[in-house]
1. Before we move on, is residue 254 closer than 17 Å to residue 50 by Cα and at pLDDT below 95?
2. Output the number of residues of region 141-182 satisfying the condition of being surrounded by fewer than 19 Cβ atoms within 10 Å (Cβ to Cβ) and farther than 28 Å from residue 259 by Cβ.
3. Pairs, please: C-beta under 8 Å, at least 6 apart or cross-chain, first residue assigned by TED's automatic domain parsing to the domain that holds residue 42 and more than 17 Å from residue 247 (Cα to Cα) and in region 212-223, second surrounded by fewer than 18 Cβ atoms within 10 Å (Cβ to Cβ) and at pLDDT below 90?
4. Quick check on my filter: what residues within region 7-41 are at pLDDT 95 or above and assigned to a helix (DSSP H, G or I)?
5. Determine whether region 146-159 contains at least one residue that is farther than 30 Å from residue 16 by Cα, modelled with pLDDT of 95 or more and within 16 Å of the ligand (Cβ to nearest atom).
6. Just give me the residues in region 43-71 being surrounded by 12 or more Cβ atoms within 10 Å (Cβ to Cβ) and either assigned to a loop (DSSP other than H, G, I, E, B) or within 16 Å of the ligand (Cβ to nearest atom) (or both), in sequence order.
7. In this structure, does residue 8 turn out to be within 22 Å of residue 243 (Cα to Cα) and either without any contact (Cβ under 8 Å) to a residue 40 or more places away in the chain or within 16 Å of the ligand (Cβ to nearest atom) (or both)?
Ligand SMILES: [Zn+2]
């Protein structure tokens, strides 16, 4: 339900702007991508009427673009061999390996962060200001195992042809890092809107780790109606509606400025 809420919000927002909705599968991290997870996500989206208007993109097929970006950033990078243990206790990277300018085995690649202030306007949260050195320090763009970091991959993909990124506030903290990478790469950033995340009554995010129940795709109308109600939309569920009718209603009534600052907590019996 947490993922459906985020998907429906981004769908309604872009449709209401007259745009096209793009599905992208962020599958760069094979150890974390369960087999069949992708088909199951697409099947669930389809059952709820949420179809990509453009061919579905897969980050695993964009590796060429990511390595070109890495090359472009090379002059600002250094190679870090710190272990997790060495970095424990630091809230930002302490700069230990800043003088390691030659690639070496078992090293991650970090971007040297100076006095970089990042400001942006968020459609939900308003004006945002961040100080990269204070909040993140030199951050990783390529992991020790050779995988492109989530932030670099996402910065490259979101800047390419995406105009609006509407996503959960659980991803908010990555935004200033991604914007910084887009700046360094000379890319045009999208507009961001970070919507509140669906949580349990104790404030914990719904996730597989927290045993959130899987959506039953045979009750798509009901799920979709609940997702809209969680988003604070004035909907009285009409069970005779189809998912298409519900989505049409939602697009017509969508106003990102009217989102509640906090969603009403998830209840399995909603
Ligand atoms: Zn290091």
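1. Details: closer than 17 Å to residue 50 by Cα: yes; at pLDDT below 95: no.
The answer is no for residue 254.
2. Final tally of qualifying residues: 5.
3. 213/268
4. Those that are at pLDDT 95 or above and assigned to a helix (DSSP H, G or I): 7, 8, 9, 10, 11, 12, 13, 14, 15, 16.
5. yes
6. The answer is 48, 49, 50, 51, 52, 53, 56, 62.
7. Details: within 22 Å of residue 243 (Cα to Cα): yes; either without any contact (Cβ under 8 Å) to a residue 40 or more places away in the chain or within 16 Å of the ligand (Cβ to nearest atom) (or both): no.
No: the conditions fail for residue 8.
Conditions (1) part of a loop (DSSP other than H, G, I, E, B); (2) closer than 21 Å to residue 181 by Cα; (3) within 13 Å of the ligand (Cβ to nearest atom), marked per residue:
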| residue | (1), (2), (3) |
| --- | --- |
| 73 | no, yes, no |
| 85 | no, no, yes |
| 89 | yes, no, no |
| 94 | yes, yes, yes |
| 104 | yes, no, yes |
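The values are calculated or read from the model by the stated rules, or taken from the named source; none is laboratory data. The model shown is predicted, which means the values in this text are computed figures rather than measured ones. A quick note on method: Cβ atoms are made from the backbone with ideal geometry, for glycine too, and the neighbour counts reach across all protein chains shown.
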